[in-house]
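The values are calculated or read from the model by the stated rules, or taken from the named source; none is laboratory data. Note that the structure is predicted; figures quoted are calculated from it, not measured. Please note: Cβ atoms are built from the backbone with ideal geometry, for glycine as well, and neighbour counts cover all protein chains shown. Calculation scope for accessible area: heavy atoms of the full protein, side chains included, ligands and nucleic acids excluded. Shrake-Rupley method; radii C 1.70, N 1.55, O 1.52, S 1.80 Å.
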Amino acid sequence: MALSLDSLARAQFTACRTQPNYFLPKSSTHFELKFNSNINFRRRGALVVNSNGGVLSSIAEKKEGSRNVTEKKEGTNLDNELTVVMKFGGSSVATAERMKEVAALIRAFPEERPVVVLSAMGKTTNKLLAAGEKAVNCGAFKIDEIEELVFIKDLHVRTLDELGIDISTVSGLLTRLEQLLTAIAMMKELTPRSRDYLVSFGECMSTRIFTAYLNKIGIKARQYDAFDMGIITTDDFTNADILEATYPAVAKRLYEDWIKEPAIPIVTGFLGKGWKLGAITTLGRGGSDLTATTIGKALGLREIQVWKDVDGVLTCDPNIHPAAKPVPHLTFEEAAELAYFGAQVLHPQSMKPASESDIPVRVKNSYNPQAPGTIITKERDLSKAVLTSIVLKSNITMLDIVSTRMLGQHGFLAKVFSIFNDLRISVDSVATSEVSVSVTLDPKKLPCDDLIREESELDHLVEELEKIAVVNLLQKRSIISLIGNVERSSLILEKAFSVLRNNGVNVQMISQGASKVNISLVVDDSKAKQCVQALHSAFFENEESYFPSENGHL
Ligand SMILES: Nc1ncnc2c1ncn2[C@@H]1O[C@H](COP(=O)(O)OP(=O)(O)O)[C@@H](O)[C@H]1O
Ligand SMILES: N[C@@H](CC(=O)OP(=O)(O)O)C(=O)O
C-alpha cells in the first residue's frame, strides 16, 4: 500500500479531528475514515482519504435541531488546509505602516495558509495598565483626561484612518473601554480580574483592525477573540495557565469555520477564558507567544513562526549589549530555559506546547524578513556548541539558609521547601550543602501585587525559616544564566570565572540545573550588566582566542 509516513500522519490528523471509529484501507491508494458524532461534533459519517492524506470525498450526517441533515462533499482536499501559525508581536503591528508590511508579508508566502496571532499595537498593554492605575485615583469625571486613554484612542483611530477603515470597527470597544475605566474610578479599585479585562481591549482592537484591512485588500480573513474560540485557562488572573480542553476546542472551532468558508483566522494573542468563572484571563506578559504555540499544537501545524523586532533569539539582550548576535539554532529546552531565566524575547511557557507536539518554532524579524532568524527544534548538533546565550535577570532576592541543627540532621531541606510551599513562593535557583541551602526568588512573582506587601511577604518567609535556620536575606542581586552545552561546563566555568575575576566581581552563588543547559551565577545587581558585557565579549566576540582545540583544552 502506497502510504508514506508523512501522508499517514496527515491522514491520521484528519482522523483525529473527526473522531474516527474506523480507519480502513478502501483500495490500494484510498482509505476510509468512519467517524461517529460525539456530543460536541454532533455528526457522523465517513471520509475517503487518498495516499497524500487529502480528503477526496466526505459524507456527514449532522444534527440541526431535531433534524438529521446529510452533507456530501467531493474533492475537499487537505492540501488547502491551514499550514503555519504566524504570530506578530506589538512592535510588528505598532502603526498602520507596520500593519501594511505584515499584510505584505502574509501575501509574500502564498503557499502558506496561516493562522495569524496578534498582540496589541505597540505599547498599548502598558498604556492600558497605566490608565487603569490612574483611574483608581482620578475620579469618574476625569477619565477622559487620562493621558494614556487619549493616546490609545488617538493611535487606534489614526490607524483606522490611515488604513482607510471605518471607525465603527473599534468604536464600540473604545466606548466600553471608557465605561470600564469609569467603573474602576467609581470602585476605586483595580482587581486582577478587571485588570485582565482592561488589557484585553488591546488585542481585541488590533485584531479587528487588521482583519478589516486584510479583507479590504482582498485577503479573506476572520477575526477571533481567543476567549470565545476555545482557549480555556485556569482562573489565575494576570498569569493563567492553558488547560488541556483548549486543544480540541480550538481545533474544532477553526477547522469547522475553515471547512465552511476558508478565511485566514486572525486571533487575539495573550487572552483566554477562565474555566470556572468564565471571565477573560491573560497568560502573563508576552503571552501571545504562548497563544501561537498552543494553536500550533491544537491544529498540528507544520511550523510556528513568531515575528519580532530582532533578527531572532540573540546571544544576549541587545539592550544590555548591542554586539548581541542571532543564534541560528536552539533546542526547545535551551529556549525554555532562556525564557524562564528572563530573556524577554519568548514567553516562559511558550515552548511547552511546541515541544509536546514537536512543531518547530521559528523566530523572525518582521522589520528584516530576509534575516534567517532562529529555528527552535527538539534536537540540534551540540558537538561544536559551547555557549549559546547569556541571560540576565536583575533585582532578584537571594536567601542563605543555614541549619541550626547538627550536621547530618535529616529532613532539613524538606522543612525548608515545605515552608516555601506553604507560602506559595517558588524559587528559581538552588545550591545546597548538607547543612545549608541558598535559593533565589523573583520578588515580582511573590503572591502579592504591591511593594509593601512584597516586603511583608519576605519578612514572613524569613520569620518562618528562622524557626529552623539562620537566614541571611540578600536583595538587589542578579542571576546571570549561561545557556549552553553543559557537557563542557568546566570550560564554560573556567572562562566565566576568569572574566569575572578580571572585572573584580565575586560570584555569590552558583547553580547548574539538572536540565544540563544552564549554569546560573548570582552577582550584585550593580555589577551585573558590566559582567554580561564582559562575558559576551569573551564568549562571542573573541572566539578565536578563546574556544578550545579539538581536545577541549583552551
Ligand atoms: N536574548 C534575546 N534575544 C532577542 N531579543 C531579546 C533578548 N533578550 C531580550 N530581548 C528583547 O526582546 C525584544 C523582543 O521581545 P518582545 O518585545 O516580547 O517582542 P514582540 O513584542 O515583538 O513579541 C527585543 O526587542 C529585545 O529588546
Ligand atoms: N500585549 C501583551 C501580550 C504580548 O505578547 O505582547 P508582545 O507580543 O508585544 O510581547 C503584552 O504586552 O504583554
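Loop-resident chymotrypsin sites (Phe, Trp or Tyr not before Pro) (DSSP state other than H, G, I, E or B) in the stretch 334-427 with no more than 10 further Cβ atoms inside 10 Å of their Cβ are absent. Rolling a 1.4 Å probe over the protein chains gives residue 188 an accessible area of about 140 Å².
Across the stretch 134-151, no residue has a backbone nitrogen under 16 Å from the label position 7 Å along the beta-carbon direction of residue 175.
Note on residue 405 and residue 467: their simple-model spin labels are 1.4 nm apart, each label 7 Å out from Cα toward Cβ. A simple spin-label model places pseudo-atoms 7 Å from Cα toward Cβ; at residue 188 and residue 503 they are separated by 4.8 nm. Taking each of 364/445; 87/308; 127/153 in turn, the alpha-carbon distance tops 19 angstrom for 364/445.
Restricting the GluC sites (Glu not before Pro) of the stretch 436-504 to loop positions (DSSP other than H, G, I, E, B) with no more than 15 neighbouring Cβ atoms within 10 Å leaves 466.
Surface composition of the stretch 175-287: carbon plus sulfur atoms contribute 54% of the solvent-accessible area (1.4 Å probe, protein chains only, all chains present). Distance from the C-alpha centroid of the stretch 521-536 to that of the stretch 106-134: 33 Å, rounded to the whole angstrom.
For the stretch 461-526, how big is the tail of P(r) above 16 Å, as a whole percent of Cα pairs? Write down the numbers at each step before the final one.
Details: 1201 of 2145 pairs.
Percentage above 16 Å: 56.
What is the list of residues in the stretch 197-218 whose amide nitrogen lies under 14 Å from a point 7 angstrom out from the Cα of residue 162, following Cα to Cβ? Inside the label zone: 210. Taking the Cα centre of the stretch 372-514 as reference, the dipole from Cβ charges on Lys and Arg (+1) and Asp and Glu (-1) amounts to some 600 debye. Exposure check, 1.4 Å probe, all protein chains in place: residue 158 carries approximately 120 Å² of accessible surface. Using the Cβ-Cβ distance between residue 104 and residue 256 with R0 set to 30 Å, the FRET efficiency works out to roughly 0.50.
How high is the relative contact order of the stretch 417-531, in percent, counting Cα pairs under 8 Å that sit 6 or more residues apart?
Numbers: 120 pairs, mean separation 27.2, N = 115.
It comes to 24 percent, rounded to a whole number.
Say a paramagnetic label sat at a point 7 Å from the Cα of residue 325, along Cα to Cβ; which residues of the stretch 346-390 have their backbone N under 17 Å from it? Inside the label zone: 371-375, 384-390.
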